[in-house]
Amino acid sequence: MLKLAIYGKGGIGKSTTTANLAAAFASLGKKVIQIGCDPKADSTMNLLGGTPVQSVMDYLRINDVEPESLDEIVKEGYGGVVCIETGGPTPGLGCAGRGIITTFSLLEDLELFETYKPDVVLYDVLGDVVCGGFAAPIREGYAEEILIVTSGEKMALYAARNISRAVENFEDRGYAKVRGVIMNRRNVENEEEKVSAFAREAGFPVIADIPRSDDIIRFEDKGMTVIEGDIDLPVSRCYIDLAKRLLNGE
């Protein structure tokens, strides 16, 4: 089983990258689970026709009781991708990272992995905050490898450096390691040089170069990934090629 945590600054295209990667794996015949670990709970929307799945934290708030089956908190989207959102607390109240820990514990109790037997599990994790809750996917044995999504923008690279430092803190504990950096282009000046410099400094390879594409926005407006919208587009092939490299261990 390939277990990846995708980290990056909020708004950098991390969820878009994760959903398109999930769709790419599914198009290659793999059973995929995508778990959104962001209080906004919007990671999987474009796998579900633009309609969000109810988050685990919302379910607990509304029902005041834990779900008895996975059907209550899971939806299957494009290509059979299993979609789950952790969600977060009521805005201004509580710890968002705690929602991740609560959800993971609940999914274990409900035997998520035993039920669906996935080939690939993707955790879409907010990278602006690297507290214990948001670090749970990489320090509790859920994910084995990390992908860092960044552009050449200053704040995106700043967040990427913070993520890499957080990973360094777990180096001697056998936790998840960084597989590589995904450059999600914003067409800023000297973007490739800036991202490459960060990757060299951190000791990570740049494993994908995703072009800025209006097609991504066009299909997201329809509640789709570009993989579902048109798998033959150049940007779609970028995600397919990345999925193949990850599966092959490149």
| field | Every residue from the stretch 171-192 that is free of Cβ contacts under 8 Å to residues at least 60 places away in the same chain and under 15 Å from residue 203 (Cβ atoms) | value | 171, 177, 178, 180, 181
| task | Find all pairs meeting these conditions: Cβ atoms under 6 angstrom apart; at least six residues apart or on different chains; first residue within the stretch 146-160 and at negative phi; second residue among the hydrophobic types (A, V, I, L, M, F, W, C) and part of a strand (DSSP E or B). | result | 146/5; 146/178; 147/4; 147/6; 147/182; 148/181; 149/182; 160/148
| task | Determine, yes or no, whether residue 51 is in contact with a helix residue (DSSP H, G or I) (Cβ under 9 Å, 6 or more places away or on another chain), surrounded by fewer than 24 Cβ atoms within 10 Å (Cβ to Cβ) and assigned to a helix (DSSP H, G or I). | result | no
| note | Residue pairs within 8 Å by beta carbon, gap of at least six or interchain, first lying in the stretch 56-80 and within 18 Å of residue 111 (Cα to Cα) and free of Cβ contacts under 8 Å to residues at least 40 places away in the same chain, second buried (at least 19 other Cβ atoms within 10 Å of the Cβ) and of a type in the set (D, E, K, R), listed first then second, are none
| Selected residue [of a type in the set (A, V, I, L, M, F, W, C) and buried (at least 21 other Cβ atoms within 10 Å of the Cβ)] from 208, 197, 202 | 208
| query | Can you tell me which residues in the stretch 167-191 are closer than 17 Å to residue 235 by Cβ and surrounded by fewer than 16 Cβ atoms within 10 Å (Cβ to Cβ)? | reply | 186, 187
| field | Selection status of residue 10, touching a helix residue (DSSP H, G or I) at 6+ places or on another chain (Cβ under 9 Å), in contact (Cβ under 8 Å) with a residue 40 or more places away in the chain, in a loop (DSSP other than H, G, I, E, B) and closer than 28 Å to residue 187 by Cα | value | yes
| field | Tabulated pairs, the stretch 117-144, first under 12 Å from residue 8 (Cβ atoms) and surrounded by fewer than 20 Cβ atoms within 10 Å (Cβ to Cβ), second acidic (Asp, Glu) and at pLDDT below 75, C-beta under 6 angstrom, 6+ apart or interchain | value | none
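The values are calculated or read from the model by the stated rules, or taken from the named source; none is laboratory data. What you see is a predicted model; the values in this text were computed from it and never measured. Please note: Cβ atoms are built from the backbone with ideal geometry, for glycine as well, and neighbour counts cover all protein chains shown.
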